[in-house]
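The values are calculated or read from the model by the stated rules, or taken from the named source; none is laboratory data. Just so you know, these numbers come straight off a predicted model, no measurement behind them. When we count neighbours, we look across all protein chains shown, and the Cβ atoms used for this are built from the backbone with ideal geometry, even at glycine.
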Amino acid sequence: MRIAIAGADGRMGRMLIEAVLNSPDLTLSVALDRQGAPSIGQDAGAFLGKPAGVIITDDLHALAQADCLIDFTHPEGTLAHLEACLQHGTRLVIGTTGFSEAEKQQIQAASREIAIVFAPNMSVGVNATLKLIELAAALLNQGYDAEIFEAHHRNKVDAPSGTALAMGEAIAKTWGESLAEVADWARHGHTGARQDGRIGFSVLRGGDIIGDHTVFFCGQGERIEISHRSTSRAGYANGSLRAARFLGDKSSGLYTMQDVLGA
C-alpha cells in the first residue's frame with residue numbers, strides 16, 4: 001500500500017514517516033509539506049540518517065501516486081489536502097483536530113466519494129479508554145459528577161482537545177444528552193454550586209506535554225478516575241497505519257477508530 005504523509009517535517013510527520021519506512025507492507029510514496037517550508041526538496045528520510053528515496057514536496061498533485069494520505073496538520077491544510085484526495089481518488093486518514101461544524105460537514109460530504117477515517121485520536125489505547133468511559137458513564141449515571149481534564153504542549157492551538165471532546169461526547173451520549181447542552185467549558189468568579197448532569201472541562205497548555213487526559217466521576221465519599229497518558233507519539237503513528245490498512249479495501253465511507261478496531 002502506497003502511503004503519503006502530510007506535514008512531513010513536523011514531529012508527527014517524522015514519526016509517521018519512520019513508522020511507514022519500518023513497515024514491510026507499506027511504501028512511502030509521497031511526503032508533503034506546506035508551501036515555502038524549508039524541508040521542500042529534501043529527502044523525507046534525511047532526519048533518520050538514511051535516504052527514503054522520496055523528496056518532500058508541496059505539489060498536491062503528487063497524491064495521485066498514493067493509495068492513502070495520513071494527515072495530522074491543521075484544519076486549513078487538511079481541507080486543502082481533502083480536495084486533492086477527491087481529485088485523485090486517494091483515501092484519507094485524518095488525525096487533525098479543531099474543525100468547525102461546517103468543516104466536519106465538508107469531510108462528511110467528501111466521504112461519499114472517497115474512504116476516510118476521521119478520529120480525534122488515532123491511539124489504540126485512547127480508543128480503548130473511550131469504551132471504558134462509556135461503560136463507567138452507564139454505571140455512574142446518578143449521584144456522580146463528570147469532569148474532564150486534559151493537558152497538551154504549549155503549541156497546541158485548539159482547546160479542549162479533540163480527545164477530551166470525544167470523551168465528553170461518550171459520556172453525554174450514554175446519558176442521553178447532547179454535549180453542547182450539558183458542557184461547562186470554563187469557570188470563573190462566583191459560579192454558584194455545581195449543577196447535576198453537567199460535564200466540566202479543564203485545560204492545561206505548557207511545555208512539551210504530548211497528551212494527558214483524565215475523566216473524573218466524583219461521588220459522595222469516592223472518586224473514580226479513568227486516565228490515558230501519552231509518553232510518545234508512536235501510539236498515534238501506529239494507530240494511523242492501522243487505519244490506513246483498514247481503508248485498503250474501502251472505496252468510500254466515513255469511519256472512526258472504533259470501526260478500525262472493530263469495537
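Some observations on this one:
- Test: residue in segment 205-217 that is in contact with a Leu (Cβ under 7 Å, 6 or more places away or on another chain) and in a helix (DSSP H, G or I): no
- Identity of the residue in segment 46-82, under 18 Å from Ile107 (Cα atoms) and polar (S, T, N, Q), that ends up surrounded by the fewest Cβ atoms within 10 Å (Cβ to Cβ): Thr73
- Total residues in segment 49-64 satisfying the condition of being of a type in the set (A, V, I, L, M, F, W, C) and farther than 20 Å from Leu26 by Cβ: the figure is 1.
- Meets criteria (free of Cβ contacts under 8 Å to residues at least 12 places away in the same chain, among the aliphatic types (A, V, I, L, M) and not assigned by TED's automatic domain parsing to the domain that holds His74) for Ala180: yes
- Qualifying residue in segment 238-252 (condition: in the same structural domain as Ala66 (by TED's automatic domain parsing), over 21 Å from Thr96 (Cβ atoms) and either charged (D, E, K, R) or surrounded by 14 or more Cβ atoms within 10 Å (Cβ to Cβ) (or both)): yes
- In the set Ala159, Ala170, Ala136, only one residue is over 16 Å from the mean Cα position of the chain (by Cα) and not polar (S, T, N, Q); that residue is Ala136.
- So Ala80, is it of a type in the set (A, V, I, L, M) and farther than 26 Å from Asn22 by Cα: yes
- Residues located in segment 253-263, provided they are among the polar types (S, T, N, Q) and exposed (fewer than 15 other Cβ atoms within 10 Å of the Cβ): Gln258
- Count of residues meeting criterion [under 17 Å from Ala166 (Cα atoms) and free of Cβ contacts under 8 Å to residues at least 60 places away in the same chain] in segment 70-102: 5
- Count - residues of segment 214-226 that are without any contact (Cβ under 8 Å) to a residue 24 or more places away in the chain and either in contact with a Ser or Thr (Cβ under 8 Å, 6 or more places away or on another chain) or assigned by TED's automatic domain parsing to the domain that holds Gln105 (or both): 1
- Single residue of segment 139-164 satisfying the filter (surrounded by fewer than 17 Cβ atoms within 10 Å (Cβ to Cβ) and polar (S, T, N, Q)) that is nearest to Gly98 (Cα to Cα): Asn155
- On the stretch given as segment 33-45, residues that are out of contact with any Leu (no Cβ under 7 Å at 6 or more places or on another chain) and surrounded by 16 or more Cβ atoms within 10 Å (Cβ to Cβ) total 7.
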